[in-house]
Amino acid sequence: MKYKCLVLDHDDTVVSSTAEIHWPAFLEALRIMRPGETISVEDYFKYNFDPGFLEFCVEKYKMTEEELKEEEIIWKKYVSTRVPSVYPGMKEVIEKQKAEGGLIVVSSHSFDFNIRRDYRENDLPEPDEIFGWELPNARRKPDPYALEVICEKYGLRKSDIAVIDDLKPGYDMARAFGVTFIGAGWCNNVPEIRAFMQANSDVYFDDTKKLFEYLF
């Protein structure tokens with residue numbers, strides 16, 4: 001076990017949720033709120049990467065606060081009946097980390113209840129800690145609040161922790177706190193995202209088997 005604690009992003013790092021759930025849910029929201037508008041899955045990935053989901057809803061689709069709330073309601077209804085699949089190899093990573101006595105922490109922009117459901121329905125070991133969208137905005141990733149909490153609670157050093165994420169907020173969080181950042185490159189082939197992650201990650205993998213070999 002290379003790190004005592006793995007801090008995992010959820011969407012598109014552990015489960016294939018953007019392609020399978022979040023993008024189709026957003027298309028449903030556009031159908032209702034912006035008839036005639038659409039977006040490709042590649043562009044949806046790209047805009048989530050930069051400038052971020054809320055920002056691109058406001059900048060690209062000019063959504064108001066009321067519309068953002070409506071979009072969230074549509075999204076919640078959509079995801080409540082659909083469970084994303086785990087990327088091949090990620091179950092083995094999580095199970096091995098737990099079997100070796102390590103910690104699994106989730107830092108995500110998904111809700112706690114969605115994360116727990118996805119882990120349960122995919123027969124994954126329950127995370128030791130979850131820091132999700134329920135947190136106040138100032139404490140959500142990329143703020144390093146989650147890393148500060150687990151260091152204090154579990155007596156961890158910065159060298160004990162690795163953040164694994166497919167997007168820039170995870171990178172920003174890891175850099176702000178000074179821990180290892182592992183780029184997760186198995187979820188998409190968007191050139192802008194891949195170029196940034198390859199250039200800025202401490203270690204970057206496009207294959208979960210390579211991640212497993214590195215960690216264990």
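The values are calculated or read from the model by the stated rules, or taken from the named source; none is laboratory data. Here the structure is a predicted model, which is why all the values come from computation and not from measurement. Ideal geometry is used to build each Cβ from the backbone, glycine not excepted, and the neighbour counts take in all protein chains shown.
When you scan segment 24-49, how many residues do you find that are among the hydrophobic types (A, V, I, L, M, F, W, C), free of Cβ contacts under 8 Å to residues at least 24 places away in the same chain and either within 20 Å of SER80 (Cβ to Cβ) or in the same structural domain as GLY170 (by TED's automatic domain parsing) (or both)?
Number satisfying all stated conditions: 1.
Inside segment 149-169, can you point out the residues that are part of a helix (DSSP H, G or I) and either at pLDDT 95 or above or of a type in the set (Phe, Trp, Tyr) (or both)?
Of everything in segment 149-169, those that are part of a helix (DSSP H, G or I) and either at pLDDT 95 or above or of a type in the set (Phe, Trp, Tyr) (or both) turn out to be VAL149, ILE150, CYS151, GLU152, LYS153, TYR154, LYS158, SER159, ASP160.
Filtering segment 181-216 down to residues that are of a type in the set (Ser, Thr, Tyr) and within 16 Å of the chain's Cα centre (by Cα), which residue is nearest to ILE150 (Cα to Cα)?
So the residue we want is SER201.
If you go through segment 170-192 one residue at a time, how many are surrounded by fewer than 23 Cβ atoms within 10 Å (Cβ to Cβ) and part of a helix (DSSP H, G or I)?
Qualifying residue count for the region: 7.
Exactly one condition in (1) more than 22 Å from ARG175 (Cα to Cα); (2) modelled with pLDDT of 90 or more; (3) among the β-branched types (Val, Ile, Thr) is not met by VAL106; state its number.
(1)
Out of VAL86, VAL79, which single residue is aliphatic (A, V, I, L, M) and either in contact with a Pro (Cβ under 9 Å, 6 or more places away or on another chain) or at pLDDT 95 or above (or both)?
After ruling out the rest, the residue left standing is VAL86.
Is there any pair with a first residue in segment 77-103 that is of a type in the set (A, V, I, L, M, F, W, C) and a second that is in a loop (DSSP other than H, G, I, E, B) whose Cβ atoms are under 6 Å apart and which are 6 or more apart or on different chains, and what are they?
VAL86/ASN122; MET90/VAL14; ILE94/LEU124; ILE94/PRO125; LEU103/ASP128
Can you tell me which residue is farthest from the chain's Cα centre (by Cα) among those in segment 5-23 that are within 25 Å of GLY155 (Cβ to Cβ) and in a strand (DSSP E or B)?
Ranking the candidates gives CYS5 first.
Of everything in segment 1-38, what is β-branched (Val, Ile, Thr), over 23 Å from ILE150 (Cβ atoms) and crowded, with 17+ Cβ neighbours inside 10 Å? Give them in sequence order.
THR18, ILE21
Report yes if ALA146 is aliphatic (A, V, I, L, M), closer than 30 Å to ILE73 by Cβ and surrounded by fewer than 15 Cβ atoms within 10 Å (Cβ to Cβ), otherwise no.
no
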